[in-house]
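Presented below is the structure to which this report refers.
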Amino acid sequence: MSDLRSELGQRGEKLAEGFLRKQGMKTVARRYRTPVGELDLVMREGETIVFVEVKTQRDTRYQEPQERVRADKRRKLLKAARWFVAQKPWADPPCRFDIVAVTLPEVGEPRIVHFADAFVPQRW
């Protein structure tokens, strides 16, 4: 990944985390690497563990950021989430998968859209 894309992604993740914290969530982990993939953010809302995929881009001319989380990416997120839960002392916590779409235009304020329960795995 190029330095500019990496910086853009990190900025989006920070904005997304701040946005979710203002909604009352607590941060559990950031950029959590597993042998099967990375989780952008792991948050906690009450007893629920929330796995958050953050998609950041400069504009939405061709595609909205959340549209880039396709089936293959969802499978990878599920595998990473399973690995994460298996490493923790929690006894089968309720989990959900959210997407936060961040648009960072050249001019103007960032736009942040949160999609709670963005997808539900067929099997956990």
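The values are calculated or read from the model by the stated rules, or taken from the named source; none is laboratory data. Note that this is a predicted model, so its numbers are computed, not measured. Note that we place each Cβ from the backbone using ideal geometry, even for glycine, and neighbour counts take in every protein chain shown.
With the requirement that a residue be loosely packed, with under 12 Cβ neighbours inside 10 Å and small (G, A, S), what does region 88-110 give you?
If the condition is that a residue be loosely packed, with under 12 Cβ neighbours inside 10 Å and small (G, A, S), then A91, G108 are the ones that fit.
Within the set of pairs 6 or more residues apart or between chains, which connect a residue that is closer than 17 Å to T27 by Cβ inside region 83-111 to a residue that is in a loop (DSSP other than H, G, I, E, B) and among the aromatic types (F, W, Y) with Cβ atoms less than 8 Å apart?
C95/W124
Across region 1-49, which residue is farthest from P94 (Cα to Cα) among those that are part of a strand (DSSP E or B) and of a type in the set (V, I, T)?
Among them, the one singled out is T34.
I'm told I112 meets every condition in (1) touching an Asp or Glu at 6+ places or on another chain (Cβ under 8 Å); (2) under 17 Å from E17 (Cβ atoms) except one. Can you identify the failing condition by its number?
For I112, the failing item is (1).
Any idea which of (1) at pLDDT 95 or above; (2) in contact with a strand residue (DSSP E or B) (Cβ under 9 Å, 6 or more places away or on another chain) is the one Q63 doesn't satisfy?
Going through the list (1) at pLDDT 95 or above; (2) in contact with a strand residue (DSSP E or B) (Cβ under 9 Å, 6 or more places away or on another chain), Q63 breaks only (1).
Could you list, in sequence order, the residues of region 90-106 that are of a type in the set (A, V, I, L, M) and not in a strand (DSSP E or B)? Steps first, answer last, please.
Of all residues in region 90-106, those of a type in the set (A, V, I, L, M) come to 91, 99-102, 104.
Those that are of a type in the set (A, V, I, L, M) and not in a strand (DSSP E or B): A91, L104.
Among the residues of region 82-89, is there at least one that is farther than 15 Å from D40 by Cα, not basic (K, R) and not in a helix (DSSP H, G or I)?
Yes; the residues of region 82-89 include at least one that is farther than 15 Å from D40 by Cα, not basic (K, R) and not in a helix (DSSP H, G or I).
Would you check if D59 is over 14 Å from R96 (Cα atoms) and either of a type in the set (S, T, N, Q) or outside any helix (DSSP H, G or I) (or both)? Even if it seems obvious, please write down each step before you answer.
Values: over 14 Å from R96 (Cα atoms): yes; either of a type in the set (S, T, N, Q) or outside any helix (DSSP H, G or I) (or both): yes.
Yes.
Between E17, E7, E47, E38, which is surrounded by 18 or more Cβ atoms within 10 Å (Cβ to Cβ), among the charged types (D, E, K, R) and out of contact with any His (no Cβ under 8 Å at 6 or more places or on another chain)?
Just a single option satisfies the conditions, and that option is E17.
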